[in-house]
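Visitor: Dropping the structure in here first, questions after.
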Amino acid sequence: MLYMNSDHNNHWLNRMWEIFCPFLLFFGLYIVVFNLLASLYRAIAGGLGEEYQAGMMKYAGTVTSLVSGLSMLIGVLPLLPLLRRELKEHKQSVYGSSMTTDNTSGAEKRAGSGKYGITAVQIVLTIVLAAASSLGLNVLLALTGIVESSASYQDVARQQYSVMLGAGMLLFGLISPITEEIVFRGLIFNRMRRYFPHAAAVVASGVLFGIYHANPVQALYGGCMGILMAYLYERMHSFAIPCLFHATANLMVYSVAQSAALHGRLFTVTGCAALLAGSAVCVVIIEKTRFPE
């Protein structure tokens, strides 16, 4: 009995390692690269005159964000071979043996434009749900006072929203969504769904995505959004869908934060109710829609 328990514990630990190893590799490499690039930046700034240093300090938020984005890209590179295998196994688990055909036949040829591709309906639903849910949750958190109560979130928000427009669009609309989706939906979620009920994997991977953001406000927001992204991936079975959702959500929140007029119109009880109602309608439509399989 003791040996059986030991084997069971080892099996469980192996599963946990398999699930979390991609994140540990990504985050560890990200930290190393970020610190190296930040040290290089400080060394260059220290060698310049006071006038240049003052100018660089003015754009410190943008520089820090770009360094973070570059570090994320480098950190995710070792995960790309793992991602390719996980996406292939996901397709096989959904579509069966037809996905195992060679490159010149059958299912894989149709993956981009036919039976296994994403449709215009899926794209529209994803974009609308991402926009409505991201803004609705942000408004809800602001109206309930949770945002103002978190000093750690206020610090993060000041840095994020101080990023210059072009750099912000690149970072929040492309780099961050792709790298984080590779880690959390492409690898962690796909590995979780091999060992747990798919609904449990959707929730657990979303919660982990929230915890990753490291402050209470973003943990709550990120957890909800992470669940929605994993849910859409599970319903539509295309990795492009959570990437599109993530990019849309980031850009909508970033754009509204840059516009005082939009901020004033949306951050009301009526605006919150309309956005969350729109999100609920999208989820109902997604549940009732039979997507191509």
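The values are calculated or read from the model by the stated rules, or taken from the named source; none is laboratory data. If you're wondering where the values come from, they're calculated on a predicted model, not measured in any experiment. Glycine also receives a Cβ, built like all others from the backbone with ideal geometry; neighbour counts cover every protein chain displayed. Side chains are part of the model used for accessible areas, which takes the heavy atoms of the whole protein and leaves out ligands, DNA and RNA. Shrake-Rupley method; radii C 1.70, N 1.55, O 1.52, S 1.80 Å.
Visitor: Quick one: in the range 230-267, of everything that is open to solvent by less than 50 Å² (accessible area, probe 1.4 Å) and not in a helix (DSSP H, G or I), which residue is nearest to Ser134 (Cα to Cα)?
Guide: The residue in question is Ser259.
Visitor: Turning to a different aspect of this structure: Please identify the pairs in which a residue from the range 188-204 that is free of Cβ contacts under 8 Å to residues at least 40 places away in the same chain has its Cβ atom under 8 Å from the Cβ atom of a residue that is hydroxyl-bearing (Ser, Thr, Tyr) and crowded, with 21+ Cβ neighbours inside 10 Å, counting only partners at least 6 apart or on another chain.
Guide: What qualifies is Val202/Tyr231.
Visitor: Just one of (1) closer than 30 Å to Ala60 by Cα; (2) free of Cβ contacts under 8 Å to residues at least 40 places away in the same chain; (3) within 13 Å of the chain's Cα centre (by Cα); (4) open to solvent by 10 Å² or more (accessible area, probe 1.4 Å) trips up Ile227, so point out which.
Guide: (1)
Visitor: Leu36: modelled with pLDDT of 90 or more and under 24 Å from Ile188 (Cβ atoms), yes or no?
Guide: Values: modelled with pLDDT of 90 or more: yes; under 24 Å from Ile188 (Cβ atoms): no.
It is false that Leu36 is modelled with pLDDT of 90 or more and under 24 Å from Ile188 (Cβ atoms).
Visitor: Which residue out of Ile178, Ile146 is more than 19 Å from Glu18 (Cβ to Cβ) and modelled with pLDDT of 95 or more?
Guide: Ile178
Visitor: Scan (1) part of a helix (DSSP H, G or I); (2) touching a residue at least 24 places away in the same chain (Cβ under 8 Å) for the single condition Ile211 breaks and write down its number.
Guide: (2)
Visitor: Restricting to the range 157-183, what's the tally of residues that are under 21 Å from Gly206 (Cα atoms) and either open to solvent by 50 Å² or more (accessible area, probe 1.4 Å) or charged (D, E, K, R) (or both)?
Guide: The qualifying residues number 4.
Visitor: Just checking, does the range 280-293 include any residue being more than 26 Å from Trp17 (Cα to Cα), open to solvent by 40 Å² or more (accessible area, probe 1.4 Å), without any contact (Cβ under 8 Å) to a residue 60 or more places away in the chain and not in a helix (DSSP H, G or I)?
Guide: Yes, the range 280-293 contains at least one residue that is more than 26 Å from Trp17 (Cα to Cα), open to solvent by 40 Å² or more (accessible area, probe 1.4 Å), without any contact (Cβ under 8 Å) to a residue 60 or more places away in the chain and not in a helix (DSSP H, G or I).
Visitor: When the residues of the range 143-156 are narrowed to those that are open to solvent by 20 Å² or more (accessible area, probe 1.4 Å) and more than 21 Å from the chain's Cα centre (by Cα), which ends up nearest to Met252 (Cα to Cα)?
Guide: Leu143
Visitor: Now a separate question. Take the range 139-181 and flag every residue that is touching a Cys at 6+ places or on another chain (Cβ under 9 Å) and under 18 Å from Gly226 (Cβ atoms).
Guide: Answer for the range 139-181, where residues must be touching a Cys at 6+ places or on another chain (Cβ under 9 Å) and under 18 Å from Gly226 (Cβ atoms): Leu140, Pro177, Ile178, Glu181.
Visitor: Right, another one. Kindly list, by first and then second residue, each pair from a residue in the range 10-34 that is farther than 15 Å from Leu77 by Cβ to a residue that is of a type outside the set (Gly, Ala, Ser) and loosely packed, with under 15 Cβ neighbours inside 10 Å, limited to pairs with Cβ atoms under 7 Å and residues at least 6 apart or on different chains.
Guide: Close Cβ pairs (under 7 Å, with a partner that is of a type outside the set (Gly, Ala, Ser) and loosely packed, with under 15 Cβ neighbours inside 10 Å) amount to Arg15/Tyr195.
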